[in-house]
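The values are calculated or read from the model by the stated rules, or taken from the named source; none is laboratory data. From a predicted model like this one, the values you see are computed outputs, not experimental measurements. Glycine gets a Cβ as well: all are built from the backbone with ideal geometry, and neighbour counts include every protein chain shown. Heads up: the accessible areas ignore ligands, DNA and RNA and are worked out on the full protein's heavy atoms, side chains in. Shrake-Rupley method; radii C 1.70, N 1.55, O 1.52, S 1.80 Å.
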Amino acid sequence: MGRVTRRAFAGAMLAGLTAAGGAVAWGATTGGDADEHEKAEARRRAGSGELRGMWLSTVTNRDWPSRAGLTAAEQRAELLAHLDMAARCRLNAVIFQVRPTADALWPSPYEPWSQYLTGAQGEDPGWDPLGTAVEEAHARGLELHAWFNPYRIANHADPTKLVASHPARENPDWVVPYGGKLYYNPGLPAVRAFVQDAMLDALKKYAIDAVHWDDYFYPYPVAGEVFDDDATYTQYGGDFEDRASWRRDNTDKLVRETAVRVKKIRPGTQFGISPFGVWRNASTDSLGSDTQAGVQTYDDLYADTRKWVREGWIDYICPQLYWSAHPLDQQVPANYAVLLPWWAEVARGSGTQLYIGEALYKAGDPAQPEAWQDPAELSRHLTLAKEHPEARGHVFFAAKEVGEDKIGAMARVVADHYQRSARTPR
């Protein structure tokens with residue numbers, strides 16, 4: 001596609017913002033009528049519920065623990081500090097990563113203790129992080145969504161680095177090395193059954209409020225490499241017209257089967273997924289978004305996220321809309337103000353709640369475009385979302401940035417939108 005001039009791009013984006021009610025959202029000030037509208041909107045949302053969440057990532061010790069090898073008391077103190085921060089910001093949900101790499105942050109009979117706790121995979125940390133998180137979150141009026149990664153085994157490609165009793169070592173035929181990492185093979189029925197058992201063990205043991213997955217299904221494409229599932233496709237893919245359709249069906253099966261099991265184990269628990277923000281580009285599919293994304297979940301991750309919403313298989317979807325909404329921002333391949341109404345339309349009438357994943361981590365990052373240096377950027381996202389009643393909340397990536405808040409972007413969100421507490425939608 002040819003290069004879009006800055007003027008043409010700005011005109012198109014302003015038109016899109018106006019159509020979505022975003023022209024007002026981008027304004028620096030509003031009049032009295034707008035203030036009354038904001039008050040009415042706040043009352044409506046307080047009555048119907050609004051998710052205000054943050055992700056708490058543990059893979060590679062991104063957010064917590066600050067480093068592997070802290071004492072149990074130090075780990076616990078850091079965890080509680082994150083929960084306290086969420087409560088102070090008047091958030092109402094924490095999405096806690098408890099199975100980052102085919103491991104566990106609770107005593108699991110299926111998988112080893114996570115190396116991100118003690119520094120050694122399989123080593124007992126001396127306490128129960130997930131159990132503590134559930135109890136302490138609830139004590140603060142926060143929901144605890146347990147965040148699992150279904151298929152990632154390791155961020156390296158050496159199975160001998162896994163603890164000897166690791167299921168991936170006991171079942172080497174389940175494992176596919178790809179892009180310098182190890183993954184379980186989603187095409188194997190035994191793998192799909194095992195990862196469900198491993199994840200849902202936590203649901204059986206704890207009163208978690210939601211089972212949450214992120215954007216990793218089949219791995220993101222790596223140039224020059226092939227995900228080698230030839231033998232599996234030969235064995236199980238005969239009923240499909242091509243490998244891509246078979247892979248999507250494998251992912252669909254994991255979603256549908258997990259959804260049924262979640263409700264059977266603990267009926268009040270939600271099941272939510274947070275995918276990459278682009279399902280398909282409109283240039284690929286007329287139903288897609290007006291974007292130019294290099295990755296499309298349908299085609300590259302074999303995840304038909306739109307279908308899951310429309311079919312009502314999941315309770316909520318939280319697409320990661322990690323782009324600026326600025327009408328002059330040439331941060332192609334996508335723009336927040338384009339994707340927000342697209343997802344609102346997908347969710348409309350589906351029965352699936354729509355929450356929006358927000359890129360707090362970009363705020364104040366000097367490597368990001370100019371829009372992300374403005375402390376008001378994320379607050380404008382929330383203002384824009386109020387024009388779309390399907391958008392019932394926001395989740396911020398991630399906890400470390402909620403605490404650091406380099407340029408005051410989170411403080412601005414709280415001041416502009418979270419002046420009062422809110423319950424979550426149910």
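Would you tally the residues in region 390-404 being outside any strand (DSSP E or B) and either free of Cβ contacts under 8 Å to residues at least 24 places away in the same chain or under 15 Å from residue 323 (Cβ atoms) (or both)? So that I can check it myself, show each step before the final result.
Step one: list which residues in region 390-404 are outside any strand (DSSP E or B), which gives 390, 397-404.
Still in the running and either free of Cβ contacts under 8 Å to residues at least 24 places away in the same chain or under 15 Å from residue 323 (Cβ atoms) (or both): 397, 404.
Residues meeting the conditions: 2.
Among residues of region 133-150 that are more than 11 Å from residue 209 (Cβ to Cβ) and among the basic types (Lys, Arg), those with a Cβ under 7 angstrom from a residue that is at pLDDT 95 or above and open to solvent by 10 Å² or more (accessible area, probe 1.4 Å), sequence gap 6+ or separate chain, pair up as 140/87. Out of the residues in region 202-211 that are in contact with a helix residue (DSSP H, G or I) (Cβ under 8 Å, 6 or more places away or on another chain) and in a loop (DSSP other than H, G, I, E, B), state the one that is least open to solvent (accessible area, probe 1.4 Å). This residue is 208.
Where in region 110-197 are there strands (runs of 3 or more DSSP E), lying wholly inside it, with at least 3 residues that are more than 28 Å from residue 93 (Cβ to Cβ) and open to solvent by 10 Å² or more (accessible area, probe 1.4 Å)?
Working: elements: 143-148, 152-154, 175-178, 181-184.
Per the criteria, 175-178.
Across region 59-109, the number of residues qualifying as surrounded by 23 or more Cβ atoms within 10 Å (Cβ to Cβ) and basic (Lys, Arg) comes to 1.
Write out, first by first residue and then by second, each pair whose Cβ atoms fall under 8 Å of each other, whose residues are 6+ apart or on separate chains, and whose first residue, in region 412-424, is among the aromatic types (Phe, Trp, Tyr) while the second is open to solvent by 70 Å² or more (accessible area, probe 1.4 Å) and assigned to a loop (DSSP other than H, G, I, E, B). Listed by first residue and then by second, the contacts come to 418/90. Per the conditions (1) in a strand (DSSP E or B); (2) touching a residue at least 40 places away in the same chain (Cβ under 8 Å), the sole criterion not satisfied by residue 356 is (2).
Looking at 103, 158, 124 in this structure, which one is modelled with pLDDT of 95 or more, closer than 30 Å to residue 394 by Cβ and acidic (Asp, Glu)? Step through it out loud before you land on a result.
Working: 158 fails: closer than 30 Å to residue 394 by Cβ; 124 fails: closer than 30 Å to residue 394 by Cβ.
Criteria check complete, one pass: 103.
Taken as a whole, region 325-333 holds no residue that is open to solvent by less than 10 Å² (accessible area, probe 1.4 Å) and either in contact with a strand residue (DSSP E or B) (Cβ under 6 Å, 6 or more places away or on another chain) or among the polar types (S, T, N, Q) (or both).
Do we find that residue 54 is in a helix (DSSP H, G or I), at pLDDT 55 or above and closer than 23 Å to residue 131 by Cβ in this structure?
No; evaluated as a whole, the condition is false for this residue.
Yes/no per residue for (1) closer than 20 Å to residue 249 by Cα; (2) touching a helix residue (DSSP H, G or I) at 6+ places or on another chain (Cβ under 9 Å); (3) open to solvent by 10 Å² or more (accessible area, probe 1.4 Å):
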{"residue": "292", "(1), (2), (3)": "no, no, yes"}
{"residue": "310", "(1), (2), (3)": "yes, yes, yes"}
{"residue": "317", "(1), (2), (3)": "yes, yes, no"}
{"residue": "337", "(1), (2), (3)": "no, yes, no"}
{"residue": "341", "(1), (2), (3)": "no, yes, yes"}
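Here residue 296 fulfils each of the conditions (1) touching a helix residue (DSSP H, G or I) at 6+ places or on another chain (Cβ under 9 Å); (2) without any contact (Cβ under 8 Å) to a residue 60 or more places away in the chain; (3) under 14 Å from residue 319 (Cα atoms) apart from (1).
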